[in-house]
Amino acid sequence: MPVSDLGRFLSAEELRRLGGLQVLAREVVEGFCSGLHQSPHRGFSVEFRQHRAYVPGDEIRSIDWRVFGRTDRFYVREYEEETNLRAQLLVDVSGSMGYGPAGKAKWQYAVQLAACLAHLMIRQQDSVGLVTFDSGIRRVLPPRARPSHLQAILGELEGAKTGGESDLGSVFRAVLPKLQRRGLLVLISDCFGEVQPLLRALAQLRHGHQEVLVFQVLDRDELEFPFREWTQFECLERPGSVRLLDPAQVRGAYLERLEAFRSELRRGCRQNRVDLVELTTDSPLTEALAVYFKRRMQHR
Amino acid sequence: MNFLNGTLLGGMVLGAVPLLIHLLHKRRFRVVPWGAMHLLDSVLKTNRRRMQLEQVLLLLIRIGIPLFLALAMARPVFKSGGMGVSGNEGLLLVVDHSYSMGAGERPGETLFDRARLEAQELTRTAPQGGVFQGVLLGEGGGILLDRPTHDPGRFLEALKRVTPSAGPADLAAGLQAAAGQLEKLREPVKSVVVLTDFQRASFGTADRAGVRTALDQLRGAGVDPAFVDLGARRGGSLHTDNVAVESVEFGSGLAGVGQKLQFRAAVRSYGETAHPDLGVAFRVDGVEKTVVRVNLGPGQTQQVVFEHVFESAGSHRVEVEGEGDGLAADNRFVACVPVLERVEVLLVNGEPSSQALRGETDFAEVALQPFRAGRMELADLLSARVVPVEKFSGAVLGKAAVVVLANVPKLSDPQLKDLEGFVKSGGGLMVWPGAKLDLDWYRGPFFRDGAGLLPLSFGEIQGEPRDAGRTVNVPPQRFEDSSLDFFNDPRNGSLGDAEIRVWHRLVPGKGGADPGKVLARLETGDPFLVGRNHGAGRVIMAATTLDADWNSFPLRPVYIPLLQRLVLGLASGGEPPRNLKVGATLTSFLPAKDAGRRFDIGLPEGGTAVVEAVARDGKAVLEFRGTRKPGFYTVSGPGLEPQHFAVNASRAESDLTRLSAGELEAFSRENGVRVFENAAAFRKLQRERRVGREIWRPILLGVLALLFGELWFQQRVTGSRVSVRGMEKGVLR
């Protein structure tokens, strides 16, 4: 992808800093292309890993006859195969992602983040797909590793508009049958809504050997609830739903509730071995990515 | 409930301001498109009721603050019942001006000065148009003004002229006087305030029944008297140290020229302070003779003895004065000593004897001039001369001031005539019976049914002359006559020491003449000594003998002072006492010709009083009732040798100890009266009763409480009690 295309979403400084990052999957995924990612299938790749004693059932062709000639015993050769990552970016464009000042709304931050990830992965010859959704799936671009595919992804992101209610649980349930191979699922959302259906869906994804990475994008107002005077809150997902109240009076309870919500999400992700990265829209994008990938490297 | 600043109640409309602000805020709101509505909804779902309640409470608090502030500024007064009566006030001040009120650390800071200040406060805070009257509570007290005044200045000026008296407080009398004055007040509101120091010496011994009666009288007039405790501790201790010259005693009360007289002064320290070098001065006729220094410990009494020889006859003034302290009234004790030239006594012996002490007048002769009998150089005041009956005549009377008839059978008519003339001209006569009396003569010409010299007739003889027979004596009794009041003090001897075996009943005649006054009685009730004035003189008759034939008086020590006092009493014509207590009536006997004349009485505080002598019992009597201050009073007039009278304050109030807190409470409880620390406290209660109790202070405190409550509630309602983790800028977690 030409840099000029990515520059529509990222500043030059951000692009410079992104160049030093490497996206490394924590687990070996199947792929069609060689790359930096480790394959779980040993024995059929170019990079030798180890010898082990033959056991009935091993293919005859995997026996290392040279070793047999020296030792008169059957050993088979095992290879560590490097494969391409097959990643699917799930970007939430429901109504709640529309919160934030013009140009700095949550969905805009999510789009920037998705663009960065797509750029990095395609540069590593990984396959990247894109799914945009609200209460249901809006658009699906299947994973491709071709550089021209990035153009398609960016075009799709550029045309995304927020609206509708989010229902992550049903979205994941709908996405799951389309994932025929093991890979990386990257969710970029505020995760607002019922937590338990989301966690159940994550558990199902993990059961399908999908690695899941959740970027939770929040606005600082949602964390601090800084309103003072009487305010009418209008729901971004359900037009016509309004609440007139004294924000100072509910702030304490709201923050308690928010903390409970976040704790529940964190706990669920940890239990399902899902990485959760909480971001605010004022966070520098590249720093957020760097923190995440450092953590991924440590886990490797 | 009433309001002193009712117009400020209009400020209560400000209570609507918080409500308006609340409504305005609800109408003027900002609109925020919000994503995390599911969180808000869950918060509202579980907290809606609490939030509504908090909103209402906060709004009520905010409305309440201006409401109650306006209420407090309107100065509401709470009236609990119909106790108050409005209108002009008749204020009756009962001011303790007993001499303890003169106590204080410095001049101008005495308790009485404090009483004046409290009176000033009471008049200052009295409603316009009130009237004022005062009653003085101390010795010789009375009404302050002739009639109640509307002018507080005049009232205070009159009080300013009053100084603490020299006597104790008489609470019952003062309250009764107040009750009497209260009836004269016509104002619808009457107040009686007693300003006193609650000294234990006065209040501890107060006539409780009298106090209660007087209080009932006051309450009957619709007044609950209030007491203001002037001695209440107000940031300092009350002055209780005091040194008093409690008494000065000197022999028989009479002295002769050249006779050495001993004055025994008792000096006592009250309180806790020691006086290691206290000077006590002795003055005679205003001239300081000596100063003795004594070491007086706390609570101790010391005797100080002075001696003096008077060089001239007449009335002499003696003073004993301790060094000054906070209470001046008892620092000085004054005495008046009448000094006589030698008094000649003619003893008419009815039964002479050649044997020592067997003659009828032998014992009396010794008793009247004991120093001479003992061959001592000291001067006797009396000089006795003995004559047999047959030699008695007007010619032998000479300069005799007193004639004593001892067991004289009878006198001849010329002798009787001379004797009557002697008595009428002011001489003294003592008649002592015996076995040799011619009773017919005594009951006849000598008595003449009371018209003669004898006040009573000699009746039947009582008792047995034998030693083993039944005896009677003179029981303890109160002696009113100045001749015998010396024996009211047991230290001077007791007439009861002697036994009387035989005595005459002394009986009155039938003519209804003046039977005289019984000076002393026997235990049987029969008169022992009877006295009566006769002309300008005086006659005393006894019921038993002058010698030891019928009684043992001559064998007892009391015989000497008995005879001397009787003779001196006769010689002085029965002069009334010259040493008096404050408040006692000053009395002087003058020749009958002075009746109707006016005499000056010099007063101790300066100035003179003019008193007219009145005719009474054949002589002129001068009486003065204004002995309100201690010191010397001097009666003088044309042709009259100045007569001094010494007046001393009672020492009852020298002990400045106040009623203890418990005693004060008991006094208050028993009498149902309230005791205030000062006049302002009384006025405050009075105002509360009349107008009501101002309650702006508690309301203001309530406003403050609401302010703090609002602050706290605001914090509680809007304050963040949850810390949000990971709120720093950048990547969370």
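Worth pointing out:
- Scalar couplings 3J(HN,Hα) for the stretch B:491-500, obtained by applying the Karplus form with A = 6.51, B = -1.76, C = 1.60 to θ = phi - 60°, are 5, 8, x, 10, 5, x, 5, 9, 9, 10 Hz; x denotes Gly and Pro.
- Inter-site label distance for B:GLN714 and B:GLU307 at 7 Å from Cα along Cβ, in nm: 9.5 nm
- By the beta-carbon count within 10 Å of each Cβ, the least crowded to most crowded order of A:LYS104, B:LYS45, fewest first, is B:LYS45, A:LYS104.
- For A:HIS209, B:HIS275, B:HIS504, order by how many other beta-carbon atoms lie within 10 Å, fewest first: A:HIS209, B:HIS275, B:HIS504
- Cα pair distances exceeding 18 angstrom across the stretch B:663-715, given as percent: 61 percent
- Scaled to the globular estimate 2.2 N^0.38 Å, the Cα spread of the protein assembly as shown, given as radius of gyration, is 2.02.
- Inter-chain neighbour count for A:87-97: the average number of beta-carbon atoms from partner chains within 10 Å of each residue's beta-carbon is 1.
- Calculated FRET efficiency for the pair B:ARG264/B:LYS391, C-beta based, R₀ 51 Å, to 0.05: 0.75
- Peptides ranked, highest mean first, by Cβ atoms within 10 Å: ranges B:556-565, B:194-203: B:194-203, B:556-565
- Here the extension length gained between B:ASN2 and B:ALA221 equals 76.0 nm, from 0.36 nm per residue of separation less the Cα-Cα distance.
- A straight line joining the Cα centroids of the stretch B:580-648 and the stretch B:325-375 runs 27 Å.
- Close amide H pairs (under 5 Å, H built 1.01 Å from N) link B:PHE599 with B:VAL611, B:GLU612, B:ALA613, residues at least 5 positions away or on another chain.
- Residue-wise HN-Hα coupling along the stretch A:260-268, computed from phi with Karplus coefficients 6.51, -1.76, 1.60 (Hz; x: Gly, Pro): 5, 4, 5, 5, 4, 5, 4, 4, x
- Euclidean distance of C-alpha centroids, the stretch B:521-560 and the stretch A:92-125, integer Å: 143 Å
- Remark: C-alpha extents of chain B on the principal axes read 152, 58, 54 Å, sorted largest to smallest.
- Fewest-first ordering of B:ASP617, B:ASP41 by other beta carbons within 10 Å of each residue's beta carbon gives B:ASP617, B:ASP41.
- Calculated FRET efficiency for the pair A:ARG238/B:ALA16, C-beta based, R₀ 51 Å, to 0.05: 0.85
- Computed [θ] at 222 nm, deg cm²/dmol, chain B (DSSP H ≥ 4; -39,500 (n - 2.57); rounded to nearest 500): -8000 deg cm²/dmol
- Reducing the stretch A:236-253 and the stretch B:447-474 to their Cα centroids gives an inter-centroid distance of 127 Å.
- With θ taken as phi - 60° and the Karplus curve 6.51 cos²θ - 1.76 cosθ + 1.60 applied, the whole-hertz 3J(HN,Hα) list for the stretch B:610-620 is 10, 10, 9, 7, 10, 7, 7, 6, x, 9, 8 Hz, x standing for glycine and proline.
- On Cα atoms only, tilt of B:559-571 relative to the major axis of chain B in degrees: 90 degrees
- Rg ratio for the stretch B:242-340: its Cα radius of gyration over 2.2 N^0.38 Å, N being its residue count, equals 1.10.
- The modelled label-to-label distance for the pair B:ALA661/B:LYS593, using points 7 Å beyond Cα in the direction of Cβ, is 7.1 nm.
- With the simple spin-label model, which puts each label point 7 Å out from Cα in the Cβ direction, the B:GLU464 to A:GLU59 separation comes to 17.2 nm.
Each value in this text was obtained by applying a stated rule to the coordinates, not by laboratory testing. Keep in mind the model is a prediction, meaning the values are calculated, not measured. Using ideal geometry, Cβ is built from the backbone for each residue, glycine included, and neighbour counts are taken over all protein chains shown.
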